[in-house]
Amino acid sequence: MTDTAFVEIRNAAKSFGSLQVLRDINLKVERGQIVAIIGPSGSGKSTLLRAINELDPLSSGEIWLEGVQINKKLPHRQYERHVNQVRQDIGMVFQHFNLFPHLTVRENITLAPKLLKGMSAGEANALAEQQLAKVGLMEKIDAYPSQLSGGQKQRVAIARALAMKPKVMLFDEATSALDPELVEEVNLVMKQLAEEHMTMIIVTHEMGFAESVCDRVLFMDGGVVVEEGPPEVIFRNPENERTRAFLRKHL
Ligand code: ADP
Ligand code: MG
C-alpha cells in the first residue's frame, strides 16, 4: 500500500468481552505530525494507543505504519516475528515509566538494541550515552531507577524508547504520575522531540501543553472520536457540546 498516511488507523473497533471500548476510530498522522488525544477517563485513549503496537490488538479495523499493516492476521509464529519487528518502530512511554527496576539506566537503554537489533555492547553503550545526553541525564547512566526522581525516570524511559530509533513515539499520560514541579522537565524533552519533527501521538491531560506542541487534537469520549481539529479550534472554539463540557472542566 502506498496510499496510506504515515500512521493510519481505519475503522478501529475494540471490545473487551461484551464491553465495546473503541468504535469506528479513524486517524491519519503524517510523518512529523504531532497529534494529541484528549478525553475523559475511560474514553478509550490508552486502549487506542496500546492497539497501535499490538499490546491490545483491535477486534476489527486496520493499523498501518509507513505502508506496513501492523495488525496483520498471520499464523502464530509469523505473527510473533512480525509484531517483534514492527514494535521496534514504535516507541511507547507510559504513565508509570515501566523501567526495569533491577537494571541500571544504561542496562535499561541498551537491552532492546542488543537483544532485538543485535547491536554490540559497545555500539549500544554509545547509543545509550547519546540518548541520555539528549535528555540531560548522562550523570545517571549507572544509577538504578529507584535512585531517580519521577521526572528523571520518565526522561530515561524516553531515552530508552528513542534508542530504538522509532518511526513514531506514543506517549500515554507521560506526566500524569509526576509531582507538578517535575512535569516541565519531561515536557521540555517532548518539545525538543517536536522541534526535531518526531512523529508523535500524545495522550495528555495537559491542555496547555497539547495546545503548544500539537498540530491536531482529537477529543475522544465513549470510544469514539467526538471532534478533531487544529488546537486553536478544539481548545478555543469547539463545536461539540461534549467537547465544550470537557474543556470547561479541564482548561
Ligand atoms: P482511558 O485511557 O481513556 O482512560 P482506557 O482505554 O484505559 O481509557 O479504558 C477504556 C475502557 O476500557 C474502560 O472502561 C476500561 O475499564 C476498559 N478496559 C481497558 N483495558 C481493559 C482490559 N484489559 N480488560 C477489560 N476492560 C478494559
Ligand atoms: Mg488511559
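The values are calculated or read from the model by the stated rules, or taken from the named source; none is laboratory data. Worth saying up front: this structure is predicted, and the values here are computed from it rather than measured. Reconstructed Cβ throughout: ideal geometry from the backbone, glycine too, with neighbour counts over all protein chains shown. What goes into the accessible areas is simple: the full protein's heavy atoms, side chains included, and nothing from ligands, DNA or RNA. Shrake-Rupley method; radii C 1.70, N 1.55, O 1.52, S 1.80 Å.
Annotations for the structure displayed:
- Count of residues meeting criterion [touching a Phe, Trp or Tyr at 6+ places or on another chain (Cβ under 7 Å) and more than 16 Å from ligand 2 (Cβ to nearest atom)] in the range 172-189: 1
- When the test is whether a residue is more than 16 Å from ligand 2 (Cβ to nearest atom), among the small types (Gly, Ala, Ser), surrounded by fewer than 22 Cβ atoms within 10 Å (Cβ to Cβ) and at positive phi, Gly67 passes it.
- Residue within the range 93-114 that is touching a His at 6+ places or on another chain (Cβ under 9 Å) and more than 26 Å from Val183 (Cα to Cα) present: no
- Test: Asp56 is of a type in the set (D, E, K, R) and either more than 16 Å from ligand 1 (Cβ to nearest atom) or touching a Gly at 6+ places or on another chain (Cβ under 9 Å) (or both): no
- For Gly44, the requirement of being within 16 Å of ligand 1 (Cβ to nearest atom), buried (at least 19 other Cβ atoms within 10 Å of the Cβ), farther than 15 Å from Ile9 by Cα and touching a residue at least 40 places away in the same chain (Cβ under 8 Å) is not met.
- Filter result for Asn26 (modelled with pLDDT under 95, out of contact with any helix residue (DSSP H, G or I) (no Cβ under 6 Å at 6 or more places or on another chain) and open to solvent by less than 80 Å² (accessible area, probe 1.4 Å)): no
- When Ala121 is tested against the conditions (1) among the hydrophobic types (A, V, I, L, M, F, W, C); (2) farther than 22 Å from Asn187 by Cα; (3) in contact (Cβ under 8 Å) with a residue 12 or more places away in the chain, the lone failure is (3).
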